[in-house]
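No lab work stands behind these numbers, since they all come straight from the coordinates. Everything quoted here is computed from the prediction, not taken from an experiment. Quick reminder, even Gly has a Cβ in these numbers, built from the backbone with ideal geometry, and neighbours come from all protein chains shown.
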Amino acid sequence: MMKLETVVVEQHDKVAVVTLNRPDKRNAMSPQLHLDMVEVLEALRDRPDINVVVITGSDPAFCAGMDLKEFFLANREDNTRFEKAYRAAVEWRGRTLRYYPKVTIAMINGDCFGGAFSIVEGADLAIAANEARLGLSEINFKIFPGGSVSKSLANLLRPRDALFYGLTGRPFDGVEAARIGLVNYSVPKAELKQNVMELAAEIGSKDGEALRATKDGYRLSLEMSWEASMDYTLAKQDQLTLRQRGAWQDQGIGNFLDKKYKPGLGSLDS
Ligand code: COA
């Protein structure tokens with residue numbers, strides 16, 4: 001469907017699979033990869049035929065974090081170029097993903113280090129292979145989780161876990177990632193793709209506007225007072241009704257009252 005220098009996009013029904021594609025460099029994020037991700041996310045954001053975006057890496061790695069050579073060293077003497085790459089790096093993982101109008105799932109198929117944690121945290125859901133290796137390796141090369149990574153850790157992990165792994169730089173596996181809440185769950189690598197695609201298809205079959213409102217309602221309410229959130233979600237409900245032309249009332253509730261399905265047990269189509 002779309003092939004850029006460092007990223008490939010495929011579509012399966014309402015699910016887009018975005019693959020970081022620098023396997024020889026373990027999908028480390030070069031400046032070009034950041035620019036490609038900005039372009040891909042921009043291209044997919046308004047597509048009505050897509051409800052879910054899965055982000056993964058070309059085997060064997062998910063993403064080895066920032067490209068230590070091309071991101072940090074190549075632009076060492078050129079602040080303007082570095083800041084351009086830095087801005088793209090921080091924006092797509094830290095802001096674009098968080099408020100993205102599609103549901104996003106990080107599928108951690110292999111190595112996931114440093115800056116890759118911000119992809120995981122920016123995505124709404126994350127599923128890892130049991131065998132994946134993850135780590136906050138920054139301390140091991142005499143730096144700290146900078147850019148958007150420190151904020152991602154603060155958003156997602158318990159203080160003890162964030163500091164333990166940040167201070168030791170010890171690698172851990174997908175099972176441990178699930179235990180500390182970095183990912184939703186982990187499965188054997190051999191089952192990962194099928195598992196995640198089934199999950200994505202399940203979510204993708206729901207109403208796109210309702211999915212978006214679910215994300216916005218959660219993420220934006222986190223930053224609001226109770227009063228602001230009540231007003232926001234009421235306004236959001238009116239927006240949803242308008243955009244869906246009342247589908248949640250007419251079909252959603254209507255089909256329940258006509259005894260066609262029980263929403264407590266699944267969607268009408270599931
Ligand atoms: N930046 C730049 N290049 C990287 C990279 C990174 N973050 N991670 C891996 N690569 C490159 C290696 O330099 C090597 O390139 P080469 O073949 O041209 O020499 C290639 O990818 C394969 O890496 P290699 O170390 O041989 O693979 P491995 O499977 O044995 O180990 C890692 C994989 C990820 C454990 C190891 O490469 C590593 O520790 N990378 C750094 C991870 C890191 O600290 N990331 C945080 C950055 S914020």
For the chain, list log₁₀ I(q)/I(0) at each q in 0.09, 0.13 Å⁻¹, using the Debye formula over Cα point scatterers of equal strength and ignoring solvent, two decimals each. -0.44, -0.89
How big is the Cα convex hull of region 110-175 in projection, averaged over all directions, in nm²? 4.1 nm²
Assuming 0.36 nm per residue, please report the length gained on full extension of the stretch Ala201 to Lys3 beyond their Cα-Cα distance. 69.0 nm
How high is the FRET efficiency from Ala228 to Arg87, r the C-beta distance, R0 41 Å, rounded to 0.05? 0.90
What nm distance separates the two modelled labels at Asp46 and Ala210, each placed 7 Å from Cα along Cα→Cβ? 2.7 nm
Based on Cα positions only, what radius of gyration and what Dmax would you give for region 208-257, in angstroms? 12.1, 36
Tell me the label-point distance for the pair Gln11, Ala74, using the 7 Å Cα-to-Cβ offset, in nm and rounded to one decimal. 3.1 nm
Based on the alpha-carbon set only, what is the convex hull volume of region 1-69 divided per residue, in Å³? 75 Å³
Specify the inter-centroid distance of region 4-32 and region 101-164, based on alpha-carbon positions, in whole Å. 18 Å
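I'd like the trypsin sites (Lys or Arg not before Pro) in region 170-270 restricted to DSSP loop residues with at most 13 other Cβ atoms within 10 Å, sorted by number. Walk me through the numbers before you get to the answer.
On the way: sites: Arg179, Lys189, Lys193, Lys206, Arg212, Lys215, Arg219, Lys236, Arg243, Arg245, Lys259, Lys260; in loops: Lys206, Arg245, Lys259, Lys260.
Listed in order of number, the matching sites are Arg245, Lys259, Lys260.
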Potential extension, Asp250-Leu265 segment - 0.36 nm per residue separation minus Cα distance: 3.5 nm
Restricting attention to region 39-80, which GluC sites (Glu not before Pro) occupy a DSSP loop and are surrounded by at most 15 other Cβ atoms within 10 Å? Glu77
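Could you line up Phe144, Phe164 from fewest to most neighbouring Cβ atoms inside 10 Å?
So the ranking, lowest neighbour count to highest, is Phe144, Phe164.
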Positive end of the dipole of the chain, charges at C-beta (+1 Lys, Arg; -1 Asp, Glu), about the Cα centre: which of Asn109, Ala178, Asn75 has its Cα farthest in that direction? Ala178
Here the gain from full extension of Gln239 to Gln194, 0.36 nm per residue of separation minus their alpha-carbon distance, amounts to 12.7 nm
Of the GluC sites (Glu not before Pro) in region 203-270, those whose Cβ has at most 10 other Cβ within 10 Å and which sit in DSSP loop: Glu223
Dipole moment magnitude, nearest 20 debye, the chain about Cα centre, only Lys, Arg, Asp, Glu C-beta charged: 360 debye
Calculated over region 91-216: convex hull of Cα atoms, volume per residue (Å³): 90 Å³
Apply the Karplus parameterisation 6.51 cos²θ - 1.76 cosθ + 1.60, with θ equal to phi minus 60°, to every residue of region 9-21 and state each ³J(HN,Hα) to the nearest whole Hz, in sequence, with x for glycine and proline. 10, 10, 10, 10, 6, 8, 10, 9, 10, 9, 10, 5, 10
Short version: what are the Cα gyration tensor semi-axes of region 1-141, square root of 5 times each eigenvalue, largest first, in whole Å? 23, 18, 13
Spin-label point model (7 Å from Cα, Cβ direction): what's the Ala154 to Ser221 distance in nm? 2.4 nm
As an exercise, find the ratio Rg/Rh for region 181-270 from alpha-carbon atoms, using the Kirkwood inverse-distance average for Rh. 1.06
